[in-house]
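Got a structure for you, written out below as structure tokens; questions coming shortly.
The values are calculated or read from the model by the stated rules, or taken from the named source; none is laboratory data. Given the structure is predicted, the values throughout are model-derived calculations rather than measurements. Glycine gets a Cβ as well: all are built from the backbone with ideal geometry, and neighbour counts include every protein chain shown.
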Ligand code: NAP
């Protein structure tokens with residue numbers, strides 16, 4: 001059994017990935033930023049079903065936190081064989097010219113730098129060129145990278161565009177070292193990220209207008225991520241897979 005690190009595993013898509021991964025035989029490191037109760041609920045549900053999991057607090061945008069996350073996960077659960085770069089925030093809502101710079105910076109730091117820092121740690125441990133056994137990385141991008149999220153989240157969409165670039169670049173860099181890197185790009189998915197302070201739940205506004213007439217579920221995204229992590233996807237690297245119901 002090898003260890004899967006799921007950043008932002010406490011809620012939404014990350015929680016769905018954590019639970020599904022444990023059912024498929026991964027030992028799961030459930031990372032979270034501040035919601036210890038939510039992370040603990042995921043860990044307890046996994047253990048109750050007979051799986052292995054531990055919760056680890058840590059800010060993915062902080063280099064020391066990321067190193068500690070990987071060190072502690074490896075110590076508690078065993079060698080790292082997979083990483084899901086899932087932690088993300090949408091940042092300030094509204095027009096770009098009205099967005100505060102600290103909110104923009106935090107959006108770029110968590111989504112882009114966080115994915116880069118975690119990928120560095122994963123490659124250092126998994127690369128066959130460094131004595132590792134190989135593994136897989138799945139990044140959470142977004143179809144916002146194509147749509148641009150005008151009037152809502154342009155900085156976020158910009159960050160997700162960078163995730164597409166990270167995916168293709170890193171995939172090619174480590175392709176001969178036993179590591180595959182892919183990006184899953186969800187559309188409108190029913191999680192708490194849709195609840196925007198002062199605006200409400202974006203699903204109320206947009207779900208019915210989706211091609212399928214509904215938003216997607218976290219489990220529908222998790223299925224795709226688990227498949228990309230598995231040997232069934234052994235010749236897939238550098239790929240972008242939309243899970244967007246045709247949007
Ligand atoms: P969510 O329900 O808001 O959950 C976000 C998760 O990220 C939480 O577990 C949160 O931890 C964690 N997190 C936030 N900042 C963090 C940090 N600095 N360090 C570590 N963990 C942090 O979000 P979601 O909808 O599941 O989204 C997951 C990913 O999918 C994100 O990358 C998002 O951009 C992407 N995505 C989502 C959608 C969608 O429609 N939902 C669409 C496209 C892409 P706490 O519980 O401790 O706060």
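Determine whether region 52-61 contains at least one residue that is away from the ligand (no atom under 14 Å from the Cβ), farther than 22 Å from residue 140 by Cβ, touching a helix residue (DSSP H, G or I) at 6+ places or on another chain (Cβ under 7 Å) and in contact (Cβ under 8 Å) with a residue 12 or more places away in the chain.
Within region 52-61, one or more residues are away from the ligand (no atom under 14 Å from the Cβ), farther than 22 Å from residue 140 by Cβ, touching a helix residue (DSSP H, G or I) at 6+ places or on another chain (Cβ under 7 Å) and in contact (Cβ under 8 Å) with a residue 12 or more places away in the chain.
Hey, can you tell me all the residues within region 5-51 that are assigned to a loop (DSSP other than H, G, I, E, B) and either away from the ligand (no atom under 12 Å from the Cβ) or at pLDDT below 95 (or both)?
24, 25, 26, 49, 50, 51, listed by residue number.
Also: Name the residue, out of 232, 171, 155, that is surrounded by fewer than 16 Cβ atoms within 10 Å (Cβ to Cβ), modelled with pLDDT of 95 or more and more than 10 Å from the ligand (Cβ to nearest atom).
Answer to the check: 232.
Quick one: how many residues across region 100-115 are surrounded by 18 or more Cβ atoms within 10 Å (Cβ to Cβ) and more than 13 Å from the ligand (Cβ to nearest atom)?
Going through region 100-115 one residue at a time, the tally reaches 1.
Taking region 206-241 only, how many residues are without any contact (Cβ under 8 Å) to a residue 40 or more places away in the chain, outside any loop (DSSP other than H, G, I, E, B) and over 22 Å from residue 2 (Cα atoms)?
Here the count works out to 6.
I would also like to ask the following. Would you please list the contacts, defined by Cβ atoms under 6 Å and residues six or more apart or on different chains, that run from a residue in region 155-175 that is more than 13 Å from residue 85 (Cα to Cα) to a residue that is more than 16 Å from the ligand (Cβ to nearest atom) and in a helix (DSSP H, G or I)?
174/123
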